[in-house]
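Computed from the coordinates by the stated procedures, all read-outs in this text should not be read as laboratory data. Because the structure is a prediction, the values reported are computed rather than measured. Virtual Cβ from ideal backbone geometry, glycine too; neighbours counted across all protein chains shown.
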Amino acid sequence: MPRRRSRSLAAAAAAAAAALLASVLAGCPFDARTDPREQLAEAVRGFNEGVHWGNLEAASRWVVPAARAAWTVAAERVAKDVSYSFYEVKGVDLKDKAHEAAVRVEIGWFHKAALIEKRTTVLQRWIRLKGTWLLVGTDVVDGPPIGG
């Protein structure tokens, strides 16, 4: 009998391990990626990294669809003359039960011809639609407009 019990315990342990692995792979509800703050951080990072490195196609996936085409045209125009030296998130304000956010970002940039760094602080406005954070607008709050 003891042998049968150890097999059933081993089988139960294997089943529990398989269930745990399946829940992790499927996106367990306790996964940090389901936390609105973590999702927002990922979106802000993805957008700003894309802009910083000139990968505007990757950055545009974080822009609300209704504004995506216009944003891409404007960003491509600016990218012809401007390079980015850094960006730093300075503050995040979640609103409306984590469905809206205001993110303050400082951006270092320069005209390619002048090579004089300028700093601009912007307020990025984000909304959360169907679990995805999307950029809906950007306002300059300090410094010159980027490219200006």
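So here's what we get for this one:
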| item | result |
| --- | --- |
| FRET efficiency for LEU94 and VAL136, using Cβ-Cβ distance with R0 set to 25 Å, rounded to 0.05 | 0.95 |
| Out-of-range pairs (alpha-carbon distance over 24 Å; input LYS90/LYS112; LYS90/LYS118; LYS80/LYS118) | LYS90/LYS112 |
| Förster radius 22 Å - calculated FRET efficiency between ALA74 and LYS112, Cβ distance, rounded to 0.05 | 0.80 |
